[in-house]
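Read the structure below first, then the notes.
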Amino acid sequence: MSRLAVKPVTRASWSDFEALFESKGAPSYCWCMAWRPIEDRTEATNADRKRTLKSFVDRRLPIGIVGYLEKEPVAWCSVAPRSTHVSLSKQQNDGEEGVWSVTCFFVRRAHRGTGLSGQMLDAAIAYAKKKGARIIESYPVDPESPSYRFMGFVELFEKRGFAEIGRAGTRRHIMRLTL
């Protein structure tokens with residue numbers, strides 16, 4: 001397993017995040033806005049999504065972390081206060097405080113299958129805890145799921161002590177870790 005360095009996405013590291021998302025095979029079509037509020041979601045372009053996510057960073061709102069191998073950005077994990085997202089499940093209690101959500105992973109193709117998702121999740125947990133999270137919520141799927149695979153798989157979260165508390169639709173499990 002390679003030694004991964006991790007940084008939160010800030011104004012200073014935005015260019016690294018941008019390079020990762022604009023690399024071949026990366027999700028530049030969504031800019032990790034699937035679960036974040038954006039004006040006119042159905043008509044928003046890739047550029048609109050990128051600009052909106054950048055506005056979160058410019059306002060110093062956490063959006064996630066980038067993982068580096070030998071100073072090259074190779075992985076992403078969206079981890080941020082749940083309050084900065086649209087509703088992630090029908091049973092969500094918006095009155096809860098200190099809840100952070102892990103909603104997305106991306107690992108460059110050449111580095112998949114090397115354990116980076118687990119390392120990114122470990123770093124995301126540490127980052128959220130440092131920022132004051134009391135609970136981390138995730139929405140993973142089973143490996144055979146035809147969609148939402150970018151949200152991670154149940155086993156990844158189970159190995160770190162997350163427990164299932166419900167379902168969000170037919171595919172996504174709702175899992176929590178209390179810090």
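The values are calculated or read from the model by the stated rules, or taken from the named source; none is laboratory data. These numbers come from a predicted model, not from an experiment. Don't worry about glycine lacking a Cβ; one is built from the backbone with ideal geometry, like all the others, and counts go over all protein chains shown. Surface accessibility is based on the protein's heavy atoms, side chains included, excluding ligands, DNA and RNA. Shrake-Rupley method; radii C 1.70, N 1.55, O 1.52, S 1.80 Å.
Numbers at a glance
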item	result
Charge-dipole axis of the range 23-147 as Lys and Arg at +1 and Asp and Glu at -1 on Cβ define it, positive-most pick from P143, W35, A128	A128
Karplus (6.51, -1.76, 1.60) ³J(HN,Hα), θ = phi - 60°, over the range 30-44, in Hz, Gly and Pro reported as x	10, 6, 6, 9, 4, 10, 10, x, 8, 5, 6, 3, 6, 9, 5
Relative contact order (%) - criterion: Cα under 8 Å, at least six apart; region: the chain	19 percent
Karplus-derived HN-Hα couplings along the range 50-65 (A = 6.51, B = -1.76, C = 1.60, θ = phi - 60°), whole Hz, x at Gly and Pro	4, 4, 5, 5, 4, 5, 4, 5, 4, 8, 6, 8, x, 10, x, 10
Accessible-area composition of the range 60-166, carbon plus sulfur, in percent [1.4 Å probe]	49 percent
Helix-derived mean residue ellipticity, 222 nm - over the chain, DSSP H n ≥ 4, -39500 (n - 2.57), to 500	-7000 deg cm²/dmol
GluC sites (Glu not before Pro) lying in DSSP loop within the range 41-142, provided at most 14 other Cβ fall within 10 Å	E43, E70, E96, E97
For the range 11-21, 3J(HN,Hα) per residue [Karplus equation, 6.51 cos²θ - 1.76 cosθ + 1.60, θ = phi - 60°, Hz, x = Gly/Pro]	4, 5, 9, 3, 4, 5, 4, 4, 4, 5, 6
Cross-link pairs beyond the 28 Å C-alpha cut-off, checked among K90/K131; K50/K159; K24/K159; K24/K130	K50/K159; K24/K159; K24/K130
Neighbour cut-off at most 12 other Cβ (10 Å), DSSP loop, trypsin sites (Lys or Arg not before Pro), the range 54-90	R59, R60, K71, K90
Under-5 Å amide H pairs with V66, H placed in peptide plane, nonlocal only	K7, V9
Student exercise, the chain dipole from Lys, Arg, Asp, Glu Cβ charges, in Debye to nearest 20	300 debye
Tail beyond 26 Å, pair distance distribution of the chain (Cα, percent)	24 percent
Once the Cα gyration tensor of the range 117-173 is diagonalised, semi-axes √(5λ) in Å	21, 12, 9
Beta bridges by DSSP in the range 1-160, antiparallel share as percent, to the nearest 5	75 percent
Distance from the range 1-70 to the range 111-175 (C-alpha centre basis), Å	18 Å
Förster radius 25 Å - calculated FRET efficiency between R60 and S15 (Cβ-Cβ, nearest 0.05)	0.90
Surface per residue (accessible, 1.4 Å probe) for the range 6-136, Å²	50 Å²
